Amino acid sequence: MTGQPIKPSQKASSSSSSSSSSNVRVVARIRPLAQYEIENGSKPIVKSLPSVDSLSNKENSIPQISSEPEVLEVQSSEKRWFELDAVLDGNSSQREVYYKSGAQQAVTQDIFKGFNCTILAYGQTGAGKTFTMGTASGKDSSDTDGIIPRACADLFEQIDTRCDGNAQVELSYLEIYNEEIRDLMCTDGSGGDLKIRETLNGEVYVSGLSSRPVQSPKEIGNFMEEASHRRVVASTKMNAVSSRSHAICVLRIQGVLEDSTKFSAKLTLVDLAGSERIKKTQASGKRAAEGININKGLFVLGQVVSALSEQRPKYKRKPPYRDSKLTRLLQDSLGGNSRTIMVACVSPADFNIDETINTLRYATSARNIKNSATRNVIKALSPEEAAKLQRENQLLLTQVKELQETIRKMALASEATPSLASTDTDSLGSQEDDDDSTGVSMSSDDLREDRSKQKKRIKELEHEVRHLKRANSNAKVGLSSQITESMAQEAIELPVLHKKVAQLEEELASKKELEAENEALRQEMDDLKADADSARLAANKMAQIMEQLQELKGDEVDKKKMEHDHIKVEEAWVSFVFQVLETNKEQMKRLRDDFTLVARVVESPDVMVLDKSSDGSSGGFWKRMRKDKKKDSEDEASGDEIHMKVDPAIRQKLVTEHLQFFEERMIEMESHIHSETLSLGSIRDSLRIQRDKLEIEIGESEFERDVLNPKDNDLLDQLTALLIGPVKNLGEYD
Ligand SMILES: Nc1ncnc2c1ncn2[C@@H]1O[C@H](COP(=O)(O)OP(=O)(O)OP(=O)(O)O)[C@@H](O)[C@H]1O
């Protein structure tokens, strides 16, 4: 893959729309072995193969940008080579990196030609990105200064020599932490979760991001040092001070060159958080979550790079800029209106070979990305052009005034409106119990918060309008004294004004949206109040219904009690029948005794023993025996027994007949008693079940009757609380 050195800069033109297409310049920086790599016995396997150009660069002379690509060699199981615009190894100084990366040229030349420039460091965690970019320390420059302090120093030096101090620089500084944009320049803690917006002409910007005019590198250094304390850093196994966020520092520069050429440009300096393997960094909990978000942003960045670098038309696809905040903010730098330098930082250690190869793959792909940077310069103006610009300027001024008036009116209206939150809470408070006001007061808090946000935003907008007015009046003052200067000044102000107006319009639109939301909330509040009234009515109606229910329940209790009494009577009857059955059983016992007697007779065929004390239950047998005695035998009586001589055949017949008679009766009675007992048992069981059930029902009904006592307000209160809030449009209950 052949690298594309930075193209020679174009000549200044009189138009602000001239553009130049250039590839992203990609250089690699190999840092020395880190302590942890030495300790784990890592070997250096990444090195640069110096170009002829770089060998010819003499020591201590100004490092030159190589006109030929340079090669980086990775020596693992097999050798691999990567061709880049420059390769800097562990011996390269910070100064060399600044020059050979192309950063020095971008700052000292491209910016003053009106090109937007981006310099970003990319690579795995601990690979040396922060070391390479550096922070503007604000202290005297030293050998260890990275790209940012060097760029700031060169920028102001150039402004001094080339613009005679006639230039303005504005600084803004943000970080993307866990997919949230935070303003690092904001001191009052309100710069969190900023939103990305787009102007009508497609420029991406961060709404509400603060910016400060700066006059010197020292001032930038001070601001950045202060801001860097707000940046999230933490210690991991691979870097003691690891950046946990992507930091983006933007310097907006506009000025007039000695030849009256006006230029404006944006210098974006990016220190990305490093890609990391959670296993290697041994991050857990919050650190691991950060790592995942960092990797996610970088993954999308890789996708964007790969989509932009695709050469084969068949495989070309839309870069997924919108998939992460990082790529959305770097949209201009990758494939857009910017000259971009990417420093791919890598470790030399075999321990990190996978990450190094990954970084270098992206780096070589990124070299194919073509940006189309537009120059923002105006060199000389014809009287017609000047008049046109003045007219545009006038138009913008009118727009600004109109916006200012709208904002003023909105501010007045918002102050004139009584505090919605307090009014509504009061009015509800007078009607509602404590319980039911909870949902309503939550809405009030939201409203109060919205209101204060709105007021804050109005103040910001007023501030911006004042700033615009000041800028325009300065332009006017210049017009009367020095026409050329002023026209050029206006030319510079014009794009800025355009942008500001677009931003203001957008802010206004979002403010109107807020007003609409506010109105919707007010409406919701009214609905809630209506619901509360309906619920109260419903609760009263419920009380009446419950009173009626209570009466009904009373009747029910009486009825069930009667039923209960009836069952008790039935149970008593069943007990009585049981007693009768017991008697029957006793009779059965006696019959059995008789049976035993007969059995004895059968055993002694000559003598019949009759028990006179017997109660006559076997009377039939007696009679038969007497009759047979008179007819066939003589009798003898002795004591309680009567001894008879009976013909054995007759005797046998009699005995058999009576035995049969006994048996039949016994079987009959036994089955009768058995079935009676069974049916009575089941009647008794079912009665018992019914009684138990009734007792429970009576208990419940009595309880309900007691609970429904209208004097007891607890249940009513609970019902009212439940009904108020969720009930919508219940209607009237009269
Ligand atoms: N070229 C270099 N020469 C000497 N030391 C270096 C070099 N590059 C990096 N270091 C040192 O290596 C360590 C890690 O570097 P640095 O913090 O810049 O890594 P990083 O890529 O920004 O990591 P992270 O993504 O975790 O923030 C630091 O102690 C730094 O001083």
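The values are calculated or read from the model by the stated rules, or taken from the named source; none is laboratory data. Everything numeric here is computed off the predicted structure, so don't read it as measured data. Note: ideal-geometry Cβ built from the backbone for every residue, glycine included; neighbour counts use all protein chains shown. Calculation scope for accessible area: heavy atoms of the full protein, side chains included, ligands and nucleic acids excluded. Shrake-Rupley method; radii C 1.70, N 1.55, O 1.52, S 1.80 Å.
Here are the numbers for this structure:
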item: Strands (runs of 3 or more DSSP E) wholly inside the stretch 80-180 containing at least 3 residues that are out of contact with any Gly (no Cβ under 9 Å at 6 or more places or on another chain) and away from the ligand (no atom under 16 Å from the Cβ); result: 167-177
item: Residue, nearest to residue 453 (Cα to Cα), within the stretch 177-228, restricted to residues that are of a type in the set (Gly, Ala, Ser) and over 25 Å from the mean Cα position of the chain (by Cα); result: 210
item: Counted residues, the stretch 332-380 - those being polar (S, T, N, Q) and in a helix (DSSP H, G or I); result: 6
item: Residue list for the stretch 575-620, filter: open to solvent by 90 Å² or more (accessible area, probe 1.4 Å) and at pLDDT below 70; result: 600, 603, 606, 612, 613, 615
item: Count of the stretch 558-574 residues which are touching a residue at least 12 places away in the same chain (Cβ under 8 Å) and either open to solvent by 60 Å² or more (accessible area, probe 1.4 Å) or not assigned by TED's automatic domain parsing to the domain that holds residue 670 (or both); result: 4
item: When residues of the stretch 1-51 are limited to those that are among the hydrophobic types (A, V, I, L, M, F, W, C), within 16 Å of the ligand (Cβ to nearest atom) and part of a loop (DSSP other than H, G, I, E, B), the one modelled with the highest pLDDT; result: 33
item: Qualifying residue in the stretch 264-284 (condition: in contact with an Asp or Glu (Cβ under 6 Å, 6 or more places away or on another chain), open to solvent by 20 Å² or more (accessible area, probe 1.4 Å), more than 16 Å from the ligand (Cβ to nearest atom) and at pLDDT 90 or above); result: no
item: Of residues in the stretch 520-551 being under 24 Å from residue 700 (Cβ atoms), in contact with a helix residue (DSSP H, G or I) (Cβ under 9 Å, 6 or more places away or on another chain) and of a type in the set (A, V, I, L, M), the one surrounded by the fewest Cβ atoms within 10 Å (Cβ to Cβ); result: 549
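This table checks each residue for (1) modelled with pLDDT of 70 or more; (2) open to solvent by less than 10 Å² (accessible area, probe 1.4 Å); (3) away from the ligand (no atom under 16 Å from the Cβ).
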{"residue": "243", "(1), (2), (3)": "yes, no, no"}
{"residue": "250", "(1), (2), (3)": "yes, no, yes"}
{"residue": "259", "(1), (2), (3)": "yes, no, yes"}
{"residue": "262", "(1), (2), (3)": "yes, yes, yes"}
{"residue": "304", "(1), (2), (3)": "yes, yes, yes"}
